[in-house]
1. Within the protein assembly as shown, which cysteines find no other Cys whose Cβ is under 4.7 angstrom from their own?
2. Tell me, what ³J(HN,Hα) does each residue in the stretch A:29-44 have, in order and in whole Hz, if you take phi through Karplus 6.51 cos²θ - 1.76 cosθ + 1.60 with θ = phi - 60° and put x for Gly and Pro?
3. Could you pull out every residue, at least 5 positions away or on a different chain, whose amide H is within less than 5 Å of the one on A:ALA81? Hs are placed 1.01 Å off N in the peptide plane, and Pro or chain starts have none.
4. Could you give log10 I(q)/I(0) at q = 0.15 Å⁻¹ for the protein assembly as shown, computed by the Debye formula over C-alpha point scatterers of equal weight, without solvent?
5. Filter the chymotrypsin sites (Phe, Trp or Tyr not before Pro) in the stretch B:1-99 to those in DSSP coil with at most 14 other Cβ atoms within 10 Å of their Cβ, and list the result.
6. Residues with amide H under 5 Å of B:MET48's amide H, sequence separation 5 or more or different chain, H placed in the peptide plane at 1.01 Å from N; which?
7. Pick from B:ALA67, B:ALA29, B:ALA84: which is most flexible by mean-square fluctuation in a GNM of chain B where alpha carbon atoms under 10 Å apart are linked?
8. Report the FRET efficiency, 1/(1 + (r/R0)^6), for B:ASN107 and A:SER69, where r is their Cβ-Cβ distance and R0 is 41 Å, rounded to 0.05.
Amino acid sequence: DAGITQSPRHKVTETGTPVTLRCHQTENHRYMYWYRQDPGHGLRLIHYSYGVKDTDKGEVSDGYSVSRSKTEDFLLTLESATSSQTSVYFCAISEAGQGNTGELFFGEGSRLTVL
Amino acid sequence: RKEVEQDPGPFNVPEGATVAFNCTYSNSASQSFFWYRQDCRKEPKLLMSVYSSGNEDGRFTAQLNRASQYISLLIRDSKLSDSATYLCVVTLYNFNKFYFGSGTKLNVKP
């Protein structure tokens with residue numbers, strides 16, 4: 001299994017509080033992603049990174065920010081959590097370049113509940 | 001409009017049955033195609049890539065129809081362990097962005 005860990009795995013917080021989810025990889029993969037998964041919507045891309053300090057928005061980026069100061073870490077921040085951000089958040093990594101399979105490797109997910 | 005659309009199911013089939021899932025994608029520029037499998041409360045994992053010529057991996061066969069913009073997955077001789085949600089995935093232009101369908105749930109019954 002790919003070396004990718006997410007923390008925290010479970011969190012309950014209140015509306016209006018800031019929340020940061022951390023994704024850590026040991027594979028030295030260039031690309032890192034944050035997805036959220038909700039019933040009926042499947043996995044939706046929030047933000048992704050294609051290198052240190054290089055990030056871009058996904059489909060559902062409003063209310064979220066990210067940072068990548070090191071290859072191995074990708075942080076997702078909810079500046080002021082809302083109940084609509086209650087979800088399961090998955091981090092994923094991928095390598096790019098000639099010959100790669102394009103496979104995404106996922107972390108185990110972080111379950112966030114905003115009350 | 002969603003990039004990738006799938007029938008959510010569930011598909012309830014007996015062991016040994018053959019079952020097929022379809023998936024449609026909206027962007028003709030989609031470049032790469034995959035099927036992922038997700039077990040309940042677990043992370044998705046790659047099942048197989050989908051190539052233009054079609055490809056097979058044991059009991060699983062994937063096909064791509066670029067003209068009609070759909071992808072299919074055929075599972076033969078279903079096992080109880082095949083029970084899971086199957087996610088259709090496409091990428092655009094390069095491997096930067098992966099777009100997921102909402103998944104098709106399969107229940108294989110004894």
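Bear in mind that the values in this text are calculations on the coordinates, not laboratory data. This is a predicted model, so every value here is computed, not measured. Ideal geometry is used to build each Cβ from the backbone, glycine not excepted, and the neighbour counts take in all protein chains shown.
1. When partners are defined as cysteine Cβ atoms under 4.7 Å apart, the protein assembly as shown leaves B:CYS40 without one.
2. With coefficients 6.51, -1.76 and 1.60, one gets 6, 6, 9, 9, 9, 10, 10, 10, 10, 10, x, x, 10, x, 8, 10 Hz.
3. Under 5 Å from the amide H of A:ALA81: A:GLY16, A:THR17, A:VAL19.
4. Those come out to -1.00, one per q.
5. Details: sites: B:PHE11, B:PHE21, B:TYR25, B:PHE33, B:PHE34, B:TRP35, B:TYR36, B:TYR51, B:PHE60, B:TYR70, B:TYR86, B:TYR93, B:PHE95, B:PHE98, B:TYR99; in loops: B:TYR51, B:TYR93, B:PHE95.
The qualifying sites are B:TYR51, B:TYR93.
6. Here the answer is B:TRP35, since their amide H atoms fall under 5 Å of that of B:MET48.
7. B:ALA67
8. Numbers: r = 44 Å, r/R0 = 1.08.
Computed FRET efficiency for B:ASN107 and A:SER69: 0.40.
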